[in-house]
């Protein structure tokens, strides 16, 4: 795993991807820092950092797009699949290299609250927690991008799909506000989710019987619950999908100085899920 990690990290900085991401994120945040903290005298660096979330939407896909799609296109993924290292270590080596690239600007950000402190009042605890959660959010986005990269051999498709998913997550609150809150809408939403799960299982296993059984059982259970207790489905989509507004965990700190421990647990869970899905996606190719 260490050899893969070193190779991947070296490749990021031998190309322009790593330096461009680090430089652009620091420069973009630096502009906000000068405008809000140094010129306007605002004491919270966490508020400044919230303006840099938009950089992740473009920057993270740039980092993740080549992680597995390039290997697949160049057929070098066969070397990884036959390497005397477990597939989990291969994926983790690549993922940790991406995490390291994301960590570099965040380490530099730790200097900014000290600059504010040297000029007057600063809230170091809130600022450093916000930097840590900002970094963790970047790790979540990287895990999602890595998984999408493992599904295609085209870096362009990997970039566009990751960019699209991250943009949707960024706009998630606005999207949820347009969803209907009626019980029947909740039922339709649950049936769609069950269908998506069944389709993914079919895609990964190729077993139509298992995926079909999951579809039928899930749909039947959903309809029975709807008939028995219809009110459970009112505003269900908003409540169920509201946790996918991942940036809210970070903005709660920047706007209200509230640390959501369950939100951090959600971040870690999403990272684990998408790393696992990446392993399964590559494992499927190994045996196909």
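The values are calculated or read from the model by the stated rules, or taken from the named source; none is laboratory data. These figures come from a predicted structure and were not determined experimentally. All Cβ positions, even for glycine, are placed from backbone atoms using ideal geometry, and neighbour counts span all protein chains on display.
Quick one: in segment 18-46, which of the residues that are closer than 14 Å to residue 98 by Cα and touching a helix residue (DSSP H, G or I) at 6+ places or on another chain (Cβ under 6 Å) is surrounded by the most Cβ atoms within 10 Å (Cβ to Cβ)?
21
Considering only segment 14-61, how many residues are more than 20 Å from the chain's Cα centre (by Cα) and without any contact (Cβ under 8 Å) to a residue 40 or more places away in the chain?
16
On the given criteria, is residue 156 assigned to a helix (DSSP H, G or I), under 25 Å from residue 256 (Cβ atoms) and at pLDDT 80 or above?
So residue 156 does not fit the description; no.
Would you pick out the residues in segment 248-274 that are more than 16 Å from residue 123 (Cα to Cα) and surrounded by fewer than 18 Cβ atoms within 10 Å (Cβ to Cβ)?
248, 260, 261, 262, 264, 265, 266, 268, 269, 272, 273
Here are some residues: 175, 217. Which one is out of contact with any strand residue (DSSP E or B) (no Cβ under 6 Å at 6 or more places or on another chain) and modelled with pLDDT under 80?
175
Filter segment 178-204 down to the residues that are modelled with pLDDT under 75, in contact with a helix residue (DSSP H, G or I) (Cβ under 7 Å, 6 or more places away or on another chain) and farther than 20 Å from residue 237 by Cβ and list them by number.
204
Here are 166, 171, 148, 124: which of them is in the same structural domain as residue 276 (by TED's automatic domain parsing), within 17 Å of residue 250 (Cα to Cα) and touching a residue at least 60 places away in the same chain (Cβ under 8 Å)?
None of the other options fit; the residue is 166.
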